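For reference, the structure is listed below as structure tokens.
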């Protein structure tokens, strides 16, 4: 799809969704920090989605797929946040179910990003993709089943944490980690390292939220919502920006 057509398509979609976003604006109380945090992250995700799709045409071909996936991740999260935010404003609460609808799609896609980033500079076995994808699905699905008590909460937590630990092993010491060490491409290595830090530190909020928030009630729900909203800014938007920086640096180096 050529740039003008892509620009027009994305603009129409985002403007339409922005109209939906404005539906409940008059219900947002000025001093409602939770509601404001929903609004800020929603608009940030909207801006990031537009940015990633518009920028994909300005980077070298090998980076376009991974930048497209970054836009898909923020786009899915944006649509989901519209729904969560409107429910919060109208009902005064944000059911955890709707966050899992986002996570079951976006977290596996972000895990696969490690494979896609590696594939921009070297040949990588598809087994890396499937290992990361399956690890992410296990991480989200275990927590979801435990949260809804289809399985004991602690069992769900252990399944979820094992999926996350497996992802960390793969991107640090597994086949993916070994591949990045051999690549020799500085922009890619820098991006991979930053992405790895986000998955290590930023994704820690998910198991912590599971234990101290919804499962034990150790954290007040409104505070937990703000924490999740701020975490998603880094875990999704900054994650994508890291990829964009590497893509632009690789493009410039090739032009030179």
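Quote to one decimal, in nm, the extra length available between residue 109 and residue 190 on full extension: 0.36 nm per residue of separation minus the C-alpha distance between them.
So the chain would gain 27.2 nm between residue 109 and residue 190.
Kindly list the residues of the stretch 217-245 that lie in the label zone of residue 200, defined by a backbone N under 17 Å from the point 7 Å along the Cα-to-C-beta vector.
235, 239
Roughly speaking, what is the stretch gain from residue 127 to residue 31, that is 0.36 nm per residue apart minus the C-alpha to C-alpha distance, in nm to one decimal?
Working it through step by step, the gained length comes to 29.6 nm.
Students often get this wrong: which residues of the stretch 89-109 have the backbone nitrogen under 15 Å from the point 7 angstrom along Cα-to-C-beta of residue 223?
Label zone hits: none.
How would you classify the stretch 75-180 from its alpha-carbon gyration tensor, with a ≥ b ≥ c the square roots of the eigenvalues: rounded for a/c under 1.5, else prolate if a/b is greater than b/c, otherwise oblate?
oblate
Given Cα positions, please report Rg to Rh for the stretch 134-254, the hydrodynamic radius being the Kirkwood one.
With Rg and the Kirkwood Rh in hand, the quotient comes to 1.06.
Got a sec? How would 32, 102 order by Cβ neighbour count within 10 Å, fewest to most?
32, 102
Given a cut-off of under 8 Å on Cα pairs at least six residues apart, what relative contact order in percent is computed for the stretch 3-255?
22
What's the long-distance tail for the stretch 3-255, i.e. % of Cα pairs beyond 28 Å?
Roughly 35 percent, once rounded to a whole number.
Bear in mind these aren't lab numbers, they're just calculated from the coordinates by the rules spelled out. The shown structure was predicted, so the numbers you read here are calculated from the model rather than taken from an experiment. Because the Cβ atoms are built from the backbone with ideal geometry, glycine has one as well, and the counts that use them run over all protein chains shown.
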